[in-house]
Structures are given as structure tokens and as C-alpha cells.
Amino acid sequence: MLANISGQTVIVTGAARGIGAAAAAIFNNHGANVVIAGLPQLQDTAEALIRSLDHPERAVYMGANVTQWRDMVELFEGTISRFGRVDMVVANAGIMETAVVLDMQVDENGTPLESKEALEVLEVNLKGSLNTLRLGLHYISQNPMPSSGEGRGYRGSVTLVASTSGYFGTTGNAAYVASKHGVVGLLRASQTKAASLGIRVNAVAPFFTPTQITSGFDKSSMLEAGLEINTPDQVGIAIAHATVDETRRGTACFEVTGYHPGLLNPS
């Protein structure tokens, strides 16, 4: 299945490290042109990733903040300038709060303080995913519809990276949980429009995966309960298959230690 993506172009946001880097490497290893989108401060990390790829000549780093509309437009325009078109988009960029949002902080006068960190999580995870989805639909819709003889029935695809927290959300990370519920909402809400454009939109919802954003998360309770945890490579494989598999439309794939316990129809 992944052999069919040779020569196609994919944008992966938040791709300098973690799950995004793993997904970008898988796409590249199968011959796709990969745009590694990330924050400017991660450019060195992204370029080191590119040097490690099987086909570094088919990969490029482009700086972009998913919350900034102009950055994202330039990302898509730059991709088309470099590779001619956009076939696939993975909305992966995400962050998690470091403090308990529902624990109120107060100033020296006892006045409750707004959680700026929580708002940033919502901005990156939800607004960033919405920006990526909207632009993905717009630019992919400019691709010609494949003929029946080409073996593809869609112009392209968008994959949203949600989380099991987007369905259950018992961790107490309120901003993160709320943002990932919102990503699942985007998956549901986008189906009619995406279908009218000949574009597939799916999601992958990983269980706990050790990355930079979860580095401060206590995973001892999961291990004590006998729960295994994912690796970025396992989630990257799930993302690649959700992005490429033309039988998937409007599905969310739960990813738990490399096992896909089933595709959920979120509608």
C-alpha cells in the first residue's frame, strides 16, 4: 500500500521530532516528497532528521507556526513551489500543559489568574489543527480528480492526530483533553465538505506515547496496571496507513502498542 505514494507529496506539521518525525521518515522511506513543518527553533533538529532519511533529496524543512495563518499559507504555497502539488497532509503539531489547569493560581492580592498555558494548548492543538485542515482541503482540492485507470479515487487526504484523550480524557490534563475532543469534532464536522471535494479525512488517536510533550507525564500507573505504551514509530505507521488507505474515510484509528483495535466511525 505505501509503495503507491512514491512521488506524492505530504506535509507533516510538528515533524521535527517525536511522532511527526517518525511519520515523516516512513513517508520518505517509501518515496514520498516530505515537507517537515516546524517551529524555527527546531530547524537544526529537522535538518538533522532530513540527513538521516533514506531519500534526503525528497525532504525539505519549512518553518511554520500552525497558529499563524500567514505562516501556514506560506507553508502550502512553498510546498507547491517546491514539489508542484500537495497530495497528503498530516496535522500532527501539538503540545500539552505542564500544570494542572483546573488548579487555580492567584496573584499576590489573591485575584484568580487566567491560565495562559491552557490557552496556548488550545491554540496549538485545536486552532492549529483547524488551520491545517482548512488549508489542506483548499490546496488538495486543486488537484485533478484521478481517472479510474489510475487506481486512486480521491484527490488526496488529510489525517488529524487526535488522542485516546479525545474520547475518554481521564488524565486531568483539561486543556489537552478538551483540545483533542475538539480535533475529533473536526473529524466529524469535515466529512461532508471533504467528500464533496474528493478528499478523505481520517484521524489517528494514540494512547500514551513517549515524546517531548509527555516527558513530564507519570507513566508508572499505566505500567503497574499492565498497560504497554506506544513508540513514535508505531504511531507513525498508523498515521501513514490512515493517510494512504483509500478504504478509510471518516475513521479514527485507536493506536495502542502497535495494535489497531478497530476503526471507529465517529459519526
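Observations on the model:
- Accessible surface of segment 75-135 [probe 1.4 Å, protein heavy atoms]: carbon and sulfur percent: 53 percent
- Taking θ as phi - 60° and the Karplus parameters 6.51, -1.76 and 1.60, the scalar couplings of segment 240-253 work out to 4, 5, 4, 6, 9, 5, 6, 7, 9, 8, x, 9, 10, 9 Hz in sequence order, x denoting glycine and proline.
- Rounded to the nearest 10 square angstrom, MET88 shows an accessible area of 10 square angstrom against a 1.4 Å probe.
- Share of Cα-Cα pairs in segment 6-58 lying beyond 14 Å, as whole percent: 41 percent
- Ordered from largest to smallest accessible area (heavy atoms of protein chains, 1.4 Å probe), the residues ARG51, ARG17, ARG155, ARG70 come out as ARG51, ARG70, ARG17, ARG155.
- Estimated FRET transfer efficiency (ARG82, ASP103; beta-carbon r; R0 45 Å; 0.05): 0.50
- Paramagnetic reach from LYS127 in segment 1-38 [backbone N under 18 Å; point 7 Å along Cα→Cβ]: 14, 38
- Taking all protein chains together and rolling a 1.4 Å probe, LYS127 ends up with roughly 80 Å² accessible.
- Residues of segment 77-187: accessible area per residue with a 1.4 Å probe, Å²: 48 Å²
The values are calculated or read from the model by the stated rules, or taken from the named source; none is laboratory data. Owing to the predicted nature of the structure, the values given are computational and were not obtained by experimental measurement. All Cβ positions, even for glycine, are placed from backbone atoms using ideal geometry, and neighbour counts span all protein chains on display. Note: accessible area is taken over every heavy atom of the protein model, side chains too, but ligands, DNA and RNA are not part of it. Shrake-Rupley method; radii C 1.70, N 1.55, O 1.52, S 1.80 Å.
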